Structures are given as C-alpha cells and as structure tokens.
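Everything below concerns the one structure shown next.
The values are calculated or read from the model by the stated rules, or taken from the named source; none is laboratory data. Since we're looking at a predicted model, the values are computed, not measured. Glycine gets a Cβ as well: all are built from the backbone with ideal geometry, and neighbour counts include every protein chain shown.
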Amino acid sequence: MTINPLYSLAGVLVGLVVGLTGVGGGSLMTPLLVLVFGFHPATAVGTDLLYASATKTVGTTVHGWRGTVEWRVVARLAMGSVPAAILTLLVLGHAGMTARDTSMTISVVLGIALMLSGLATFFRARIVGWLTPRLGEGTERRAAGWTIALGALLGVLVSLTSVGAGALGMTALLVLYPRLPISRLVGSDIAHAVPLTLLAGIGHWWLGSVDGSLLVSLLVGSVPGIIVGSIVASRISDRILSPILAVVLMIVGWKLVAG
C-alpha cells in the first residue's frame, strides 16, 4: 500500500473546504476522483464513504464531548437509513459494480445529488423559511415519521453517490426541528453520517469497490487540511464561501449528468 502525494494534495484541498464551510466532503471528493483522476464511479464512491466515516468520527467525538448531539434525531435517521443502505447495496451487488449501466446510473444520480446539494447550500435560508410555516411544527410523532423517511432517502443517496447527508440532510433537519439549536442539528447530522458511511463503505468494500491506497492517501492529506480550514474559517465570511461552493457543486453536477 503506497501513498500517492497527488491524492494526498486532493485530500488537503477538500479538507480545507470542509473545514471552511462544514460541507463539501463527499460532494467534492467523489466527482474529483471521477472527473480529474479518472476512477470508476463505484470505486470513487466506495473509497469516499470510508474516508468520510473516518473524518466524521472525529467530528462526532468533538460534538459528543460538547453535548451538541441530539441522539433521538440520530436514532430516527438511522432507522430509515440503515435498512435503505443495505437494500441499495444488495441491488448494486446484483446489478454488478463494474457494469456499464451501473456506472452510468451512479454518475447520473451523483450529478443530480450534487445539483440539489448546490441549490440547498445556496438557498438554504429561503427553503427553510418557506417550508417551515407551511409544514408547521406538528406533533413529535409526525416529526419522527418524517425523520425516518429522510433517513431512508439519505441511505439510498449516500450508498449510491456518497453525497446527501450534509447539505440536503441539514436543510431538511432545520425544517423538521426549528426549535432545536443549529449546533445540535449539525452535531446530529455528523453523528448520523458515521454509521451510515461506515456501513455503506463496508458494503462497497465487500463488493470490491474500495481502493485502499487511495483511501490512506486521502486521509493523510485531509486531516491537516480540515484543521487549517477550521482555523481560517473564523476569518472568512460564510456569505462569500457558501455561494462559491454552491456554484461549484451545480457545475460539477451538470457535467456528470450531461456526460
């Protein structure tokens, strides 16, 4: 197993974005591996999933220590995402990870997920402001049902594309739980991503779509990148970074869909 400095550099760049904005790990890493380095979409997704589980474990530890994880929300998301992820992986295994049709399907779904993530990142405040009064806070049972359904959707998206748990998940949680502090929703979203990405990553490894050397190379670069990005984040306005990230996601998503 060798470390490729070029892949580590990619890890540094994506780590910087994650540290600066809080989103963009899977949204940037997977298309980067497919479009720039030429990896098969399944290999890019599988490797990125295990990469995400490792990096987000650190984030969950910090949020758990600070008490900013709403575990009931995490449990509800997992109730939907875990079965959905397992079912998606079984379908992928049956279809064949290296089949041309599978590759095209993953690329198209990845592109759509990226464009939706870009829209959710750019218009998050407007989306939340428009949906919240129309849906109403409702009952605890209603919120639980919608959260489980959200988890199922994320389970499919993340298993197929490694994208969706960040921008899309957070936007939906802000609508479903308007009374909870944002810090607790962020912590809950990150905590839920750990078992989901780990399960999906192990499933892709079992299907043979994980590159071990690539995974190690990415981790070597991403850890210092996230640290530096987190330090610099306090000095750069979110109003500058979020629109840039949103535009990049939509452009990359369109390129993947258009072929």
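When Ala75 is evaluated against the numbered criteria (1) assigned to a helix (DSSP H, G or I); (2) surrounded by fewer than 20 Cβ atoms within 10 Å (Cβ to Cβ); (3) touching a helix residue (DSSP H, G or I) at 6+ places or on another chain (Cβ under 8 Å), which criterion, by number, is the only one it fails? The one condition Ala75 does not meet is (3). Here is a list of conditions, (1) modelled with pLDDT under 85; (2) assigned to a helix (DSSP H, G or I), and Gly164 meets all of them except one; can you say which number that is? Every listed condition holds for Gly164 apart from (2).
Among residues of segment 34-50 that are aromatic (Phe, Trp, Tyr), those with a Cβ under 9 angstrom from a residue that is surrounded by fewer than 18 Cβ atoms within 10 Å (Cβ to Cβ) and part of a helix (DSSP H, G or I), sequence gap 6+ or separate chain, pair up as Phe37/Leu6. Can you find even one residue in segment 135-153 that is closer than 26 Å to His40 by Cβ, at pLDDT 80 or above and hydrophobic (A, V, I, L, M, F, W, C)? The answer is yes; a qualifying residue exists.
Can Ser117 be described as closer than 17 Å to Val158 by Cβ, in a helix (DSSP H, G or I), hydroxyl-bearing (Ser, Thr, Tyr) and at pLDDT 85 or above? No: the conditions fail for Ser117. Test Thr171 against the criterion of being of a type in the set (S, T, N, Q), out of contact with any strand residue (DSSP E or B) (no Cβ under 9 Å at 6 or more places or on another chain) and within 21 Å of Ile112 (Cβ to Cβ), and give yes or no. So Thr171 passes the test. For segment 193-233, which positions are part of a helix (DSSP H, G or I) and either in contact with a Pro (Cβ under 6 Å, 6 or more places away or on another chain) or β-branched (Val, Ile, Thr) (or both)? Scanning segment 193-233 gives Val194, Thr197, Ile202, Val216, Val220, Val223, Ile226, Ile227, Val228, Ile231, Val232.
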